[in-house]
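Structure first, then comments.
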Amino acid sequence: MTHTLIAVKDLVKTYVMGDTEVHALRKVSLEINSGDFTAIMGASGSGKSTFMNIIGCLDKPTSGEYKLDGVDALKMNKNQLAEFRNQKIGFIFQSFNILARTSALENVELPLVYNNKVGSKERRERAIKALTSVGLASRMHNMPNQLSGGQQQRVAIARALVNDPVVIMADEPTGNLDSRTSYEIMDIFQQLNDKGITIVMVTHEPDIAEFAKDNIVFRDGSIISNNKVFDRKNAPEELKKLPAEEILK
């Protein structure tokens, strides 16, 4: 049964730069339900990254309200917020952000190192399960420089999944990838979403946004549209349409 997972009301974020005030967010209100797959779009400076940082508990608004999974995220201190973030949110970034001198398996284990409820044996088992779920069971002992860009992003996805978060937040997850690899990542996202995992994804690519269920567009710090995706792309079907030369690795 779905419930409201992300609830923001009248979010305002203002930056003061000398004598100038920059209004990054202007009274933004939005609800995202469990099981949603939401793409957030907008030009550079539209407010989408600021919004993502706030709902990802990486920044706080100037004013407004924000509840994640029913908990008021704005009333926590820094340490409480770090623990809450680690338990509730899985992050995926454009630049992968995986450790270069650490194997895929050890990279995926990392979020669990800070979870004192998980022992080393369970940590290893959960990391293996997460890597297997993204098709990297045979590459878990490889170092990042032995993996392609798409495989490195799969490691990042597995790392985001390992703590069993309530939501995955992806910031331009296909920004550094070619078309085929991007569609493969969207295939993983759609499979995860079909299993009930909530995904919020920032993207500047309209074709990637069409893999989501909802598209939200920001402009000048406000949401200007929030629409269902009626002709939603199916990743396996889109992969079949790619020209043969893009299939070669």
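Between Lys27 and Asp231, the distance separating the two model label sites (each 7 Å from Cα on the Cα→Cβ line) works out to 3.6 nm.
What aspartates and glutamates does Lys13 reach when the alpha-carbon gap must be under 16 Å and sequence neighbours fewer than 8 apart in one chain are set aside? The reachable aspartates and glutamates, counting only those whose Cα sits under 16 Å from Lys13, are Glu21, Asp59, Glu65, Asp220.
How big is the charge dipole of the chain about its Cα centre, in debye rounded to the nearest 20, if each Lys and Arg gets +1 on its Cβ and each Asp and Glu gets -1 on its Cβ?
Working: 31 positive and 31 negative charges, 148 e Å.
Its charge dipole is roughly 720 debye.
Taking the average, over residues, of other Cβ atoms within 10 Å as the packing measure, peptides 14-20, 44-50 rank 44-50, 14-20 from highest down.
For region 1-68, what's the relative contact order in percent, using C-alpha pairs closer than 8 Å and at least 6 residues apart? Relative contact order comes out at 44 percent.
A dipole drawn for the chain from +1 and -1 charges on Cβ atoms has a positive end, and of Thr132, Leu192, Ile223 the residue lying farthest that way is Thr132.
Remark: spin-label model distance Lys213-Lys195 equals 1.6 nm, labels positioned 7 Å along the Cα→Cβ axis.
Can you give the FRET efficiency to the nearest 0.05 for Thr20 and Ser222, using r as the Cβ-Cβ distance and R₀ = 22 Å? E(calc), rounded to 0.05, equals 0.70.
Across the options Gly119, His204, Ile89, the greatest Cα extent toward the positive end of the charge dipole of the chain (unit charges at beta carbon of Lys, Arg, Asp, Glu) belongs to Gly119. Relative intensity of the chain on a log10 scale, I(q)/I(0) at q = 0.09, 0.10, 0.14, 0.16 Å⁻¹, equals -0.40, -0.50, -0.97, -1.23, per a Debye sum over C-alpha point scatterers of equal strength in the absence of solvent.
Straightening the chain between Lys75 and Leu58 buys 4.7 nm, computed as 0.36 nm per residue apart minus the Cα-Cα spacing.
Here the label points at Thr132 and Gln87, each 7 Å from Cα along the C-beta direction, are separated by 2.7 nm in the simple model. Peptide packing: for 71-77, 88-94, the average count of neighbouring Cβ atoms within 10 Å per residue gives the ranking 88-94, 71-77, highest mean first. For the listed residue pairs Lys67/Lys129; Lys9/Lys48; Lys129/Lys228; Lys27/Lys75, the alpha carbons are over 22 angstrom apart in Lys67/Lys129; Lys129/Lys228. From its DSSP helices (H runs of at least four residues, each -39,500 (n - 2.57)), the chain gives a residue-normalised ellipticity at 222 nm of -10000 deg cm²/dmol. Based on DSSP, what percent of beta bridges with both residues in the chain are antiparallel, to the nearest 5? Expressed as a percentage, antiparallel bridges in the chain total about 55. Sorting 113-121, 30-38, 144-152 by their mean Cβ neighbour count within 10 Å, with the most densely packed peptide first, gives 30-38, 144-152, 113-121.
Rule-based calculations on the coordinates, nothing more; no lab input. Computed from a prediction, not measured in an experiment: that's the story for all the values here. Glycine gets a Cβ as well: all are built from the backbone with ideal geometry, and neighbour counts include every protein chain shown.
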